[in-house]
Amino acid sequence: MPASKNLLFFSLALAATNALAASCGTPPSGELKAERVAAVTASRAEPGLFEGPVWIKDALYFSDFSFAKGFPSRVRKLAQDGTVSTAIEDSGSNGLAVDAGGALLLASHKDKALLRRGRDGKLAPLAGKFGGQVFNSPNDIAAAPDGSVYFTDPDWQKAAAPGGQPVTGIYRVGPNGAVTLVDGTRPNPNGIALSPAADVLYVNASDGLLVAYPIVEGVPQAGRTLVKGLDGADGMTLDCHGNLYVTEHAAQRVRVFSPQGKQLATIRVDANVTNAAFGGKDGKTLYITGAGALWRLPLAVSGMPY
């Protein structure tokens, strides 16, 4: 691309980003507390977790899995009218997302694969193996506008099925279906998210670090540490300013950080937390999943649907 066109492209992109930041609302600050959604209760007798919230059209979908043998999981749906139903009975899923075409993506520990739900409702592998082996227990997902999909593969539910990888990794599935290892050095990578412009990949892990991987021409580069000392970091989401909402599992909180790593707010809940997503009619309600509970917090800013 000629230098003049390149400069024009980035000038237009910067103008669009600034306009979006001005119109998307005011991020939270200070201490806040989320409220439990009373209609959503555990669907099994044994202990388990709610995970992977994703807002699609007019409803919130989330995984509901137990700690029983095989970590049985189903996808449940919370409609805007407050009714709760089961969307997929035997999903085997942890994290959920929605791809650029509007399809539901599932990180399946049952299948040890990344799955996509077709228009016929059937689940099919998007990424089933790497290096000839199945994954450990795919956990969380981030989908880019160009068709690329990123996911984390810790070993939290590795015992759900035989096989696995020699590392706990961060993977990219290209638009052509090719799977590449982004980083295989992080211990149990967990939460994963993309910046609003899809030019930075964020991943936390059990090392307590939130790391930012710049994406250049669709390829993640070497990461840099954005935040240190996270307390059991789990899933995360972003608002339209690019602020990160990071769940800290046993600390029972969501901390909000700027794209530069500055802490802006703390959102408290009353049980262990797993993940977060924005939803509601205006996209300004933060939903938080956790140990047999779902919370919501109306905010003055819109954000990502997973």
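If you roll a 1.4 angstrom probe over the protein chains with everything in place, what fraction of the accessible area of region 132-241 belongs to carbon and sulfur, to the nearest %?
Answer for region 132-241: carbon and sulfur cover 53 percent of the accessible area.
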| query | How big is the Kirkwood radius of region 257-305, worked out from every pair of different alpha carbons and given in Å to one decimal? | reply | 11.7 Å
| remark: For region 168-260, the Cα convex hull volume per residue in Å³ comes to 93 Å³
| task | Add +1 for every Lys or Arg and -1 for every Asp or Glu among the other residues with Cβ under 11 Å from the Cβ of Val167, and state the total. | result | -2
| note | Listed by chain and number, the aspartates and glutamates with an alpha carbon less than 20 angstrom from that of Lys57, same-chain partners under 8 positions apart left out, are Asp81, Asp99, Asp120, Asp239, Asp282
| task | Would you mind working out the accessible area per residue for the chain, using a 1.4 Å probe, and quoting it in Å²? | result | 43 Å²
| Taking the C-alpha atoms of region 201-306, convex hull volume expressed per residue in Å³ | 103 Å³
| Gaussian network model of the chain, Cα within-10 Å springs - most flexible of Val167, Val256, Val203 | Val167
| In Hz, Karplus ³J(HN,Hα) per residue of region 116-123 (6.51, -1.76, 1.60; θ = phi - 60°; x = Gly, Pro) | 10, 8, x, 5, 7, x, 7, 9
| remark: The answer for Leu264, listing residues at least 5 apart or on another chain whose modeled amide H is closer than 5 Å to its amide H, is Val256, Phe257, Ser258
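Quick check of the Kirkwood formula: for region 126-223, what is the inverse mean of 1/r over all pairs of different Cα atoms, in Å?
On the way: mean 1/r = 0.0748 Å⁻¹.
Hydrodynamic radius (Kirkwood, Cα pairs) of region 126-223 is 13.4 Å.
For region 166-306, what does the relative contact order come out to in percent, with C-alpha contacts under 8 Å and a separation of six or more?
Numbers: 352 pairs, mean separation 19.7, N = 141.
Worked out over region 166-306, it gives 14 percent.
Where does each of 109-118, 80-89, 271-280 land if you order them by average Cβ count within 10 Å, highest first? All intermediate terms of the calculation are to be shown ahead of the outcome.
Values: 109-118: 21.7, 80-89: 12.4, 271-280: 24.4.
Top of the packing list down: 271-280, 109-118, 80-89.
I'd like the FRET efficiency for Ala87 and Gln221, computed as 1/(1 + (r/R0)^6) with the beta carbon distance as r and R0 of 35 Å, rounded to 0.05. Walk me through the numbers before you get to the answer.
Numbers: r = 37 Å, r/R0 = 1.05.
The computed FRET efficiency comes out at 0.40.
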| said: What whole-number distance in Å separates the alpha-carbon centres of region 268-289 and region 37-86? | reply: 13 Å
| Which far-off residues, 5 or more places away or on another chain, put their amide H under 5 Å from the one on Ser302, with H placed in the peptide plane? | Cys240
| field | Karplus-derived 3J(HN,Hα), 6.51/-1.76/1.60, for each residue of region 184-193, Hz, glycine and proline x | value | x, 9, 8, x, 6, x, 10, x, 9, 7
| message | Kirkwood Rh and Cα-based Rg: tell me the resulting Rg over Rh for the chain, rounded to two decimals. | response | 0.95
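The values are calculated or read from the model by the stated rules, or taken from the named source; none is laboratory data. What you see is a predicted model; the values in this text were computed from it and never measured. Neighbour counts run over all protein chains shown; Cβ positions are idealised from the backbone, glycine included. Please note that ligands, DNA and RNA were not included when accessible areas were found on the heavy atoms of the full protein model with its side chains. Shrake-Rupley method; radii C 1.70, N 1.55, O 1.52, S 1.80 Å.
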